[in-house]
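Any read-out appearing in this document is the output of simple, stated calculations on the displayed coordinates, not a laboratory observation. Quick caveat: nothing in here was measured; it's all calculated off a predicted structure. Using ideal geometry, Cβ is built from the backbone for each residue, glycine included, and neighbour counts are taken over all protein chains shown.
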Amino acid sequence: MASIRFRLNGLETDVEADPDSSLLAVLRGPLGMTGAHFGCGTNECGACNVIVDHHAVAACDTPLWSVADKDVMTIEGLGNAQTPHPLQRAFIAEQALQCGYCVSGILMSAAALLMRNPNPSSADVKAALDRNLCRCGSHNRMVRAVLRAATELAAQ
């Protein structure tokens, strides 16, 4: 066990855990952040994606020690029902949600893209979401939603 310090959704966080534990296990367990979902456990599906220092990463295979002194954002830090992020509003408007299991990881991948590239092309969005698996068939709607959110963010 060790004490690992990082910023979680903008707040300084200190967690006592095995440094080799997966970030996902610590987020969902002692930190109570259940928005990132366990999918494959091998960095293949994106259901567990979170943002670490402006990059989408699979929390299932990210060791806790690797986020020490870094910024970690989960879906809980993106927005909420009272003040949704433009991506969340766009996904609703474009009806880009189906079962919802993969959506938090997809939103985090899209948010990381928009942090680094506020004016992405359709090809940029597709590349950013390429490692996120969704079996519901909403991919085209998701791409439209990300582009819609980018337009909204640019207007702000």
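As a check on your grasp of the helix formula, calculate [θ] at 222 nm for the chain: sum -39500 (n - 2.57) over DSSP H runs of n ≥ 4, divide by the residue count, round to the nearest 500.
Per the formula, -10500 deg cm²/dmol.
Restricting the count to DSSP beta bridges whose residues both fall in the stretch 2-77, what percent are antiparallel, rounded to a multiple of 5?
90
With an 8 Å Cα cut-off and a minimum separation of 6 or more residues, compute the relative contact order for the stretch 1-112 in percent.
30
Counting Lys and Arg as +1 and Asp and Glu as -1, each charge on the Cβ, what is the dipole of the stretch 73-156 about the Cα centre in debye, to the nearest 20?
For this selection, approximately 160 debye.
Can you compute the label reach from residue 156? Point 7 Å from Cα along the Cβ direction, backbone N cut-off under 18 Å, restricted to the stretch 91-134.
Taking a point 7 Å out along Cα→Cβ of residue 156, the residues of the stretch 91-134 whose backbone N falls under 18 Å are 91-94, 107-120.
Dipole of the chain, Cα-centred, from +1 at each Lys and Arg C-beta and -1 at each Asp and Glu C-beta, to the nearest 20 debye?
In debye, rounded to 20, the chain gives about 680.
What is the helix-to-structure angle for 139-155, meaning the angle in degrees between its Cα long axis and the longest Cα principal axis of the chain, kept from 0 to 90 and rounded to the nearest 10?
90
Which of the trypsin sites (Lys or Arg not before Pro) found in the stretch 73-156 are loop residues per DSSP with 10 or fewer other Cβ atoms within 10 Å of their Cβ?
Sites meeting the loop and neighbour criteria: 135.
Tell me whether the stretch 28-111 comes out rounded, prolate or oblate; compute the Cα gyration tensor, take square roots of the eigenvalues as a ≥ b ≥ c, and use a/c under 1.5 as the rounded threshold.
In terms of gyration-tensor shape, prolate.
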